[in-house]
Structure formats: structure tokens, C-alpha cells
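Below: one structure, written as C-alpha cells.
The values are calculated or read from the model by the stated rules, or taken from the named source; none is laboratory data. These figures come from a predicted structure and were not determined experimentally. With ideal geometry, Cβ positions are generated from the backbone for all residues, glycine too; neighbour counts draw on all protein chains shown.
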Amino acid sequence: MVRISEDLIRRRAEHNNGEIFSLEEVSLHQQDIEKIEHIHNWCRDLRILYLQNNLIPKIENVSKLKKLEYLNLALNNIEVIENLEGCESLQKLDLTVNFVGKLSSVESLKQNLHLRELYLVGNPCAEFQGYRPHVIACLPQLQWLDGKAIGRAERIQALQELDAGRKRIFEQEAEYSEKREKQKISGLKKTEDQGETQNLTQINQLVTETQTRMTHQNQESSSHTDAEDKEREFWEKPCAFTPESRLEAHRHLEEKKKPKERERENHEAKTPRSLITADGRVLNVNEPKLEFSLTDNENNNCMLLDLHVYRHLDTSLLNVDVQPTYVRVTIKGKVFQLVLPEEVKPDSSTTKRSQTTGHLLLTLPLAHGEIKPKKHIAKPNSTSGDRKTEKIKKRMSRGRELLEVDPSKSLAGNLANIVSEGKDFPHQTQQVSQADQHCGFDERPVSKDFVDDPEVPPLM
């Protein structure tokens, strides 16, 4: 028997980061669940609940789900519609292929005022005469029944025939209940007989096991054919479609799975997973079958391991172990192990994960090796400065050339010819002549009548 556990619901709530208190939708289909429990205490905000294809015999423990809008209980063992009055927001109820034979239990859905869709196809009550008019008359809020829209004329006619049709429904319910009691009695007898036959088969199996030890090959072929005959006889034997027959088929399949599971467990126990051999040699293992790349970074004297981890995998499911000679990464229980070509420093290693691709990047510094000096690269600012100074010099030289009117005459001669040759400069000092000599002017002789007046400032 499979029980609804917190771990089961948390695993089904991956899209909600594992939080179950704020969960609005949960899918628990095909889990072989035999009882609805704990959901009404853990997931009060549920709006959609999928419980189809299980072994649930009774609707229970859902009345506290006030926000529940859609409940799917198809392919179960439900016989009565009940305990749904508290689901105030229920809009759609799916009970396809169950064993509802008490059609009058549909009246319990009158309090679900927001119920718009109901599916009862595949139930024994759907074969009753007057089934559809009775359901339509009992539930005036319904708009769809078994995937077919309910028209206004059909509803008026169903209300008119409600009293007369209700008597026929009660008679058919009584007939079905008698038939159902007989099925239960025959089912109990069958289970008792099966219990006795199981004890006999266990004894026969012990006998056959002792015989197979003596004659293994002959007995193996005969037991194989006997098992095939029994399997064929079980599935070809006609039986009524009842909750007991569904449980019987389910248990038969479970019994068949047990030997295979035991063989697999024994095989795993006999051949344990080996990551390091007995002589200490580390093996390369890639159980998750991930792509990876290992490169050398000579400038930083390290190795880079890029492991292509699944993008949507939670980081908490990753476990990284760096050793001097190998790296081991455990991903959801599956091991990726890589032997390194050189020894690394585990304490200085770092791990990063990309938020876009999900890849895992491991930086592994080498334990032995020389750190190469970085090459000096000229800064672009200095080169641009030199270029600017060269441009300024060229512009200055061009400006000097433009100042010369006649290239044959020097600048000094032109300045000297600005003033007439006959006029003298009485206040000319020796400093000016020295400046003229420095600038490249021709030195002129001082006149005899020159008087140096100290109050006159020198010419600059």
C-alpha cells in the first residue's frame, strides 16, 4: 500500500521550489495510492488535484480544500460520491471509470454551487435508465455532463420527469446493490482460495528448488513453461469488472515485479560500483553522461574543467570533491570522476556555475610549475600622447614657414629694414644687442653720440 507522504508531495512540487504550503497544483497520478490523506493539512491553497489511475476506494479528507476548483479521480475504485460539501470553489469533478452504483449520491453535490462539469462515464450508474435526466434535475448548476452541454429544453424536461424517474433509479440501485454483495462474497472466497493456493505454491517452490539443484537444466526449462502457462491462464480467464478484480490484477503485477527487483538488488550488491581499484588506481567515470572540456591556462598556472551540467538542475544536488590527482562531481547520485594529467592544489581550487547555461567551471591551480611573467604591453595612452606632440610640432613648423614672406631673406634682415637706416636709436642698450645676437640678428656698431640714460628702461 502506497501512502501519501510529505516527501512524495515535495518531489511533485519541483516547480514551486519544494514548498508545499503554498502549492496550488499537485499531480499524484499512477502512484498506486489507496487512501487520500494529509493533503488537506499540508496544501490548503490547492486549486487543482490530480489523483487519477490509483486504487482509491473512498472520497475523503478533501473538505478543507476551500480553494479547490478541479478534482480528478478517474480510474479508481470509488463507489459513492461523498464528502465534497466543503469544497466551496469546486468547478469540475472527474469520476470517469469508477464503480459508482449509487446514483442518488449525486444529490450530495447540490451544495457545490460553482460546479459546472461532471464526468460519470464508465460507472455502473451511467447505464441506469434515466441516468442523464436524473443528474441534470438534481444539479441545476451543471452546464456539462460527460462532456456534453446541457440545453435549456433538456433541463426543463428533466425537472418534469424527476419524481417519476427517481423511483426507477431507486429500483435499479437496489438491484445493483444485491449484485454487488454477491461480487464481494465471491471475491472473499477467491482471496481465501488464493491464500491456500499461495501456501501450496510456496511448498511446491521449495520442492522445485531442491530438484533444480540436482537437475538444473531440465527443471529450468519446465518451470519456465509452467510460469508462462499460469500467466496466460490468469489474463485470459474471464472475470467481472469490480474493485476486487482491479486489486487482484494490481497485486498480481506486484508479485511479478518482486523477483525482478530482488535479482536487481542482488546484482547491485554483488557488483558494487568501484571508483578506485584495489591497487589504488583511480578510474575515469561518467555516469551522468555529461560533456566536458579540460584546458590549460598557462598565464595563471592552472587547469580549467568546464562540466556541462543540466541548466535547470538545482545546485544543491551537486557535490564537488577535488583531490590532488582527480576530481569527483556527484550529480543526483551519479558520479563524474576525471583523472587529472598533473597534480593540483585542492585548497586553492574554486568552483563557479553559470546562471545562463548552468555549466560548472572548476579552476584547479597546479601544485608544481613555473608562473610565467606577463609580457609588457605599451599602454595606448602613451602612444597617443606621443602622436599628439608630433602633430603639434608639425603645426608649429608649418606656422613658421607661413611667416616668411620671402624665403631668400631672413627674418632678422626683414626686421632690420622696418626702420630707416638713417635714424639712430639713442636709447639702445647692450642687452638688446646681446638678445639680437642670440636670436640670430646681425650686430650693428654703436654711434659716437650715443648717451646711456639709466632712467630709460631697456628694450625687451
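Here are the numbers for this structure:
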| quantity | calculated |
| --- | --- |
| Flag if E127 is surrounded by fewer than 17 Cβ atoms within 10 Å (Cβ to Cβ) and touching a Leu at 6+ places or on another chain (Cβ under 9 Å) | no |
| Number of the condition not met by L113 [criteria: (1) farther than 23 Å from L73 by Cα; (2) not assigned by TED's automatic domain parsing to the domain that holds T242] | (1) |
| Where a residue in segment 228-244 is within 19 Å of E254 (Cβ to Cβ) and its partner, wherever it lies, is small (G, A, S) and modelled with pLDDT under 75, with Cβ under 9 Å and at least six apart | T242/G187; P243/G187; E244/G187 |
| Selection count, segment 301-317, where residues are within 16 Å of G358 (Cβ to Cβ), hydrophobic (A, V, I, L, M, F, W, C), surrounded by fewer than 17 Cβ atoms within 10 Å (Cβ to Cβ) and modelled with pLDDT of 90 or more | 0 |
| T325 vs. criteria under 29 Å from A13 (Cα atoms) and either surrounded by 12 or more Cβ atoms within 10 Å (Cβ to Cβ) or modelled with pLDDT of 85 or more (or both) | no |
| Boolean, T330 is surrounded by 12 or more Cβ atoms within 10 Å (Cβ to Cβ) and among the hydroxyl-bearing types (S, T, Y) | yes |
| Inter-residue pairs, beta-carbon under 7 Å, first surrounded by 11 or more Cβ atoms within 10 Å (Cβ to Cβ) and in segment 276-300, second β-branched (V, I, T) and assigned to a loop (DSSP other than H, G, I, E, B), 6+ apart | V282/T325; L283/T277; L290/V309 |
| Matching residues, segment 8-67, being over 23 Å from R251 (Cα atoms) and either in contact with a Pro (Cβ under 6 Å, 6 or more places away or on another chain) or among the β-branched types (V, I, T) (or both) | I9, I20, V26, I39, I48, V62 |
| Out of K66, K110, sole residue that is free of Cβ contacts under 8 Å to residues at least 40 places away in the same chain and either in a loop (DSSP other than H, G, I, E, B) or surrounded by 15 or more Cβ atoms within 10 Å (Cβ to Cβ) (or both) | K66 |
| Failed condition for R44, given (1) touching a His at 6+ places or on another chain (Cβ under 7 Å); (2) free of Cβ contacts under 8 Å to residues at least 24 places away in the same chain; (3) charged (D, E, K, R) | (1) |
| Lone unmet requirement of (1) at pLDDT below 95; (2) within 25 Å of E24 (Cα to Cα); (3) not β-branched (V, I, T) for Q129 | (2) |
| Test set (1) surrounded by 20 or more Cβ atoms within 10 Å (Cβ to Cβ); (2) assigned to a helix (DSSP H, G or I) - L118 fails condition number | (2) |
| Count of segment 231-254 residues which are surrounded by 10 or more Cβ atoms within 10 Å (Cβ to Cβ) and either among the hydroxyl-bearing types (S, T, Y) or more than 34 Å from the chain's Cα centre (by Cα) (or both) | 16 |
| Meets criteria (outside the structural domain of P243 (by TED's automatic domain parsing), farther than 30 Å from R251 by Cβ, in contact with a His (Cβ under 8 Å, 6 or more places away or on another chain) and not aliphatic (A, V, I, L, M)) for E88 | yes |
| Number of positions in segment 1-58 that are under 23 Å from S89 (Cα atoms), within 21 Å of the chain's Cα centre (by Cα) and assigned to a helix (DSSP H, G or I) | 2 |
| Subset of segment 81-92 [crowded, with 16+ Cβ neighbours inside 10 Å and closer than 12 Å to S105 by Cα] | I81, L84 |
| Near pairs, Cβ below 7 angstrom, 6+ apart or cross-chain, from segment 249-265 (touching a residue at least 12 places away in the same chain (Cβ under 8 Å)) to any residue that is among the aliphatic types (A, V, I, L, M) | H250/L55 |
